[in-house]
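Colleague: The structure's right below; bear with me while I get my questions together.
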Amino acid sequence: MDKLLYIAASGAKQDLLGTAVRANNLANTQTTGFRAQLEQARSMPAFGEGLPTRVFSMTENPANNFEGGAMIQTERELDVAIQGDGWLSVLDTNGGEAYSRNGSLQISADGQLQDSSGNTIIGENGPVFLPIPLSNINIAGDGTISVRPQGAPETVLEEVGRLKLVNPQLTNIERGNDGLFRQKDGEIAQFDPTVSIRNGMLEGSNVNPVEEMVDMISLQRHYEMQVKFMKQASDLDSKANQLLRII
């Protein structure tokens, strides 16, 4: 009976983990530039001192869905969207470099360029700082940032930096707990001049809410089935104990 109970219990645990992944995707259907997570479960023999006679279920997070999200036109001068492959470079809370598709930018009180999550945007020469106050800002398709200081003539545009746009191999990047991506080998991605952006637009999440809801329902039903197996294993064990008492 312990084989049935062990398999059902481990399966139920992984169903809960899979449900958590799908729930996180659903919670980010409106998050700018969000990439959906993928999960799958497979059987894994339990190795020990004896023969591997037990098998348990294991949920994997093999990859992320890197398909592009819908382009949303905002006409806001601080909104940018990556065209095709590529990433914006940002500083995480530990001061390390990470990568994001969140192009909803803002300017802090000290002139620092940040994304909507408060992460500092990195340029070719480090964090991007803008001269404030300013009357106008323009971000070109190649990431070049030009501003018109407050009070300056309309024809005056001052180039203050360029966004560090990168395009690392998708097989070499992974998502961190903060939602930002980094290279698996720990290296810093190099600037890629072929990456371009569109100004006045944002990239939406690539999560398909209908698919996520269907997968969540499937996982919940599978969890209920695993619970029934555990109850059946308990009932069989009780009946076996009764037979032993009779003998």
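The values are calculated or read from the model by the stated rules, or taken from the named source; none is laboratory data. None of these values were measured; they are calculated from a predicted model. With ideal geometry, Cβ positions are generated from the backbone for all residues, glycine too; neighbour counts draw on all protein chains shown. Just so you know, the surface numbers come from the protein's heavy atoms only, side chains and all, with ligands and any DNA or RNA stripped out. Shrake-Rupley method; radii C 1.70, N 1.55, O 1.52, S 1.80 Å.
Colleague: Is it true that residue 190 is more than 18 Å from residue 99 (Cβ to Cβ), free of Cβ contacts under 8 Å to residues at least 40 places away in the same chain and over 20 Å from the mean Cα position of the chain (by Cα)?
Modeller: In short, no.
Colleague: If you don't mind, another one. Filter the range 17-45 down to residues that are small (Gly, Ala, Ser) and touching a residue at least 40 places away in the same chain (Cβ under 8 Å), then give me how many there are.
Modeller: 4
Colleague: Search the range 57-78 for residues being modelled with pLDDT of 70 or more and part of a strand (DSSP E or B), and hand back the single one that is farthest from residue 46 (Cα to Cα).
Modeller: Across the range 57-78, the extreme among qualifying residues is 73.
Colleague: Hey, can you tell me all the residues within the range 118-139 that are of a type in the set (Gly, Ala, Ser) and exposed (fewer than 15 other Cβ atoms within 10 Å of the Cβ)?
Modeller: Those that are of a type in the set (Gly, Ala, Ser) and exposed (fewer than 15 other Cβ atoms within 10 Å of the Cβ): 118, 126, 135.
Colleague: Could you go through the range 91-99 and let me know if any residue there is touching a Phe, Trp or Tyr at 6+ places or on another chain (Cβ under 9 Å) and at pLDDT below 95.
Modeller: So far as the range 91-99 goes, no, none of its residues is touching a Phe, Trp or Tyr at 6+ places or on another chain (Cβ under 9 Å) and at pLDDT below 95.
Table: residues versus (1) surrounded by fewer than 17 Cβ atoms within 10 Å (Cβ to Cβ); (2) of a type in the set (D, E, K, R); (3) not in a loop (DSSP other than H, G, I, E, B).
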| site | (1), (2), (3) |
| --- | --- |
| 148 | no, yes, yes |
| 160 | no, no, yes |
| 168 | no, no, no |
| 185 | yes, yes, no |
| 194 | yes, no, no |
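Colleague: Of the residues that sit in the range 107-130 and are of a type in the set (Val, Ile, Thr) and in a strand (DSSP E or B), which one is farthest from residue 192 (Cα to Cα)?
Modeller: Going through the qualifying residues, I end up with 107.
Colleague: Scanning for something modelled with pLDDT of 85 or more and open to solvent by less than 40 Å² (accessible area, probe 1.4 Å), does the range 36-50 turn up at least one residue?
Modeller: So far as the range 36-50 goes, yes, one or more of its residues are modelled with pLDDT of 85 or more and open to solvent by less than 40 Å² (accessible area, probe 1.4 Å).
Colleague: When you go through (1) outside any helix (DSSP H, G or I); (2) surrounded by fewer than 16 Cβ atoms within 10 Å (Cβ to Cβ) one by one for residue 224, which number turns out not to apply?
Modeller: Single failed check for residue 224: (1).
Colleague: Which residues, taken from the range 131-146, are at pLDDT below 90 and either part of a loop (DSSP other than H, G, I, E, B) or among the aromatic types (Phe, Trp, Tyr) (or both)?
Modeller: Within the range 131-146, 131, 132, 133 qualify.
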